[in-house]
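The values are calculated or read from the model by the stated rules, or taken from the named source; none is laboratory data. As the structure is a prediction and not an experimental result, all values here were calculated from the model. Every residue, glycine as well, gets a Cβ built from its backbone with ideal geometry; the counts of neighbours run over all protein chains shown. For accessibility, only protein heavy atoms count, side chains too; no ligands or nucleic acids. Shrake-Rupley method; radii C 1.70, N 1.55, O 1.52, S 1.80 Å.
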Amino acid sequence: MLNPALTRRITLGVAAAGSALVLAACGGADPEPEAAPEAAEVTEEETPEVDTADFNQGPIPDAAPEVTAEDLPAEPDSSAPLGDRIAWEALEQVSIFASVVDPDATSECPEIAGTEGETATCTVNFLGEEFEYAITVESSGILVSYQPQLVDGPLIREAVEDTLRVQADTEYVLCDMEADLVRGEPDTDAPFTCQALDEATGEVDEYTLSISMYGAFTFFVV
């Protein structure tokens, strides 16, 4: 906690004392003493006391957390069954959504033939929670085209708050999440709000977290 600003005073000395002595020795009239200049007063501006007790403190990362394919197990090659390849894709999407890697995560899909109109739901077990990744095959042949959908994804407090630290440039943030992992749906707002504290001014900004259809998220000031 910063101490209240102090006021200090600087008094300047009396000039020309030597000159007065010389005049007296010559028999002239004693000069009137010079008035000392008024003391210069310097007042430091007070810095507001900031209460940080209600916030989570952490260092500001160099960049927002993110996960790339290189952080995950090796992707199956094109000769692997279609279900295995989509299971890896499901794991990738959940991990990117979370901005966190779970080394114990697993993902599986039912057998997928790749016929037009076929639907399937894959399951990703991530940090002890199950997340569904659904697909609908739109066309088949040499190339199989399908529409994927991540039903919901994991929002991890540490990753969310570190992202806000980078955006708001502060160590003090707080998201009113019910747990350290909550579920969020793509293409909507997260089910909580966050706050960031300006340490210099004591001002607090409130943010909503918007999740894109691909799982990336961005903070907006309320």
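For the stretch 193-222, a residue qualifies if it is in contact with a Gly (Cβ under 9 Å, 6 or more places away or on another chain) and part of a strand (DSSP E or B), and the qualifying residues are LEU209, ILE211, PHE217.
From the list ILE86, ILE112, the lone residue that is among the aliphatic types (A, V, I, L, M) and outside any loop (DSSP other than H, G, I, E, B) is ILE86. The single condition among (1) more than 23 Å from PHE217 (Cα to Cα); (2) open to solvent by 80 Å² or more (accessible area, probe 1.4 Å); (3) part of a helix (DSSP H, G or I) that ALA74 does not meet is (3).
Just one of the listed residues (ASP169, ASP162, ASP189, ASP176) is surrounded by 16 or more Cβ atoms within 10 Å (Cβ to Cβ) and more than 15 Å from ALA87 (Cβ to Cβ), namely ASP162.
For first residues located in the stretch 94-116 and farther than 24 Å from THR188 by Cβ and open to solvent by less than 30 Å² (accessible area, probe 1.4 Å), partners that are assigned to a loop (DSSP other than H, G, I, E, B) and aliphatic (A, V, I, L, M) and lie 6+ apart or on another chain with Cβ distances below 7 Å form the pairs GLY114/VAL144.
Residues in the stretch 184-222 that are of a type outside the set (Asp, Glu) and farther than 18 Å from GLU161 by Cβ: PRO186, THR188, ALA200, THR201, GLY202, SER212, MET213, TYR214.
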